[in-house]
Amino acid sequence: MAAKKETYSEAMKRLEEIVSRIESNELDIDQLGEYLQEAQKLIKFCKNKLYKADAEIKKILEEDNEAQA
Amino acid sequence: MENKPLSLLELNSLVRRSITSCLPDEYWVQAELSDVRVNYSGHCYLEFVQKDATGNALLAKARGIIWTNVFTRLRSYFERETGQAFVSGLKVLVKVTVDFHELYGYSLTVVNIDPTYTLGDMVRRRKEILRQLDEEGILTLNKELELPVLTQRIAVISSATAAGYGDFCNQLLHNSFGFVFYPRLFQAIMQGEQVEQSIIQALDRINATRDNWDVVVIIRGGGATSDLSGFDTYDLAANCAQFPLPIITGIGHERDDTVLDMISHTRVKTPTAAAEFLINHVRRTAQELEAYEEVIYQEVPRLLQQEKQRLGSFVTRIPGQVQMRLQRENFRQEKFQNRMKTAWQSRLLQENYRLQLMPRLLSALQNRVQRETHRLELLTQRVDSASPEKLLKKGYSLTLLDGKVVTDASLLKPGDEVETRLAKGKFRSKVINK
């Protein structure tokens, strides 16, 4: 679970990196496609975290619930 | 008469009359509330106590009563001013009359209350706890924790039946942004004397699975003022301050912050506000993501467009460039040709001139040769006329001593052998005399 949180932060960090490169015009036009693809994946990953219920988390919390009951 | 025993009633009447005459006024008295209870008709019965400095032994005790008409007024006044329910354990300053009833005995009847005394006492107690936490270096530990980027997995400490918990969950789960939250209830008693231990136990349960949670929320339903003294204890504060996850409190009171509020990571007033706080936190994260998304989806096409324009401008510039280059080359060639022509012409002129000079040169050379031939002939003639052979033929002779011509007779000594050369032949002779 802790690792997943890290991944969100890491994804945001990587996005920030890509954005700042785009903004400073540092990107080679050949790399643009690759970066776009990577950014899309990262955005999707982060959005899922925010907006989609994670079955794994639910399961863990339910197990925890049962243990407490 | 002196020996006639009094009935108990008579004695008690005597005590009552004595008390009434000796203590006829109303008195302000400081005491701690104990065993406070309100009966069906709204009268409040309680005990006033005074403890020693350690707080363990009782030094004084008196029964107290607040009649319903007074109690209704005083309670709302007290609770409005202190934000604190009128319950056991509070220190109060009350105005009382001292009464004695033949049947019920000694009691104090409350006629007024000064809430500022209680407030002062609560503040003093909180200050004392905060000072101790500060000395131990744990006062700000929870505040120093960084709130995770995502605060979705929420361990909630509350009582299941409290409206506050329901409000909190509703607010979270129906947030207008559609964020996902995973709240889970860790039940605790949120009222009365058991608050402290009950919350500590809930914290222990959360701590056992702490990797499963991003944040802890302690909430209590709002509404009627109740006893908050349970949130003002050292043990609870110390537990919360050192808890490894950020704690958000929404204990639902309007007045002073409890010690728990002061040491928690974030303090809000109500459970709904706690939910709002968490939603807004995730909202900020989402906004950051949206900002990145915007840049990426706007900037990348813009960069591509920009690149396309650059390419376009190259294409339009190429024919112009080529033409310019050709012109330049033409010009260079013309210039070169001109230079060649000029150089060639001047060379031709030079050569022509040289060619015209040649006959003059030839005749000059011939003259020179003739002159030199003539000079040579003259010289030959002069040489010939000066040759010894010619002189010898004329009768002159040549005398030599040891192979060298003798031109001075004084250089000869008698006895020298000399050679004499004539036009024809030679002879040797000896000098006899001079």
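The values are calculated or read from the model by the stated rules, or taken from the named source; none is laboratory data. Here the structure is a predicted model, which means the values were calculated and not measured. No Cβ is skipped: glycine too gets one built from the backbone with ideal geometry, and neighbour counts run over all protein chains shown.
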I need a count of the residues in segment B:11-63 that are assigned to a loop (DSSP other than H, G, I, E, B), farther than 19 Å from residue B:97 by Cβ and out of contact with any Ser or Thr (no Cβ under 7 Å at 6 or more places or on another chain). 8
Working carefully through the options B:397, B:410, B:429, find the one that is among the hydroxyl-bearing types (Ser, Thr, Tyr) and out of contact with any strand residue (DSSP E or B) (no Cβ under 7 Å at 6 or more places or on another chain). B:410
Taking segment A:19-47 and keeping only residues that are closer than 14 Å to residue B:290 by Cα and surrounded by 13 or more Cβ atoms within 10 Å (Cβ to Cβ), one is left with A:19, A:39, A:40, A:42, A:43, A:45, A:46, A:47
Given the options B:417, B:377, B:389, B:351, name the one that is charged (D, E, K, R) and in contact (Cβ under 8 Å) with a residue 24 or more places away in the chain. B:389
Consider only pairs whose beta carbons are under 8 Å apart and that are at least six residues apart or on different chains; among these, list those whose first residue lies in segment B:94-119 and is within 15 Å of residue B:48 (Cα to Cα) and whose second residue is small (Gly, Ala, Ser) and buried (at least 17 other Cβ atoms within 10 Å of the Cβ). B:94/B:31; B:94/B:64; B:96/B:64; B:99/B:107; B:107/B:64; B:108/B:64; B:109/B:64; B:110/B:64
Take the conditions surrounded by fewer than 12 Cβ atoms within 10 Å (Cβ to Cβ), assigned to a helix (DSSP H, G or I), within 54 Å of the chain's Cα centre (by Cα) and not acidic (Asp, Glu) and apply them to residue B:326. Does it pass? no
Subset of segment B:420-434 (residues that are among the small types (Gly, Ala, Ser) and touching a residue at least 12 places away in the same chain (Cβ under 8 Å)): B:423, B:429
Can you report the number of residues in segment B:185-213 which are under 20 Å from residue B:148 (Cα atoms) and touching a Lys or Arg at 6+ places or on another chain (Cβ under 8 Å)? 2
Would you list the helices (runs of 4 or more DSSP H) that sit entirely within segment B:107-217 and hold 1 or more residues that are modelled with pLDDT under 90? B:115-135, B:163-173, B:195-208
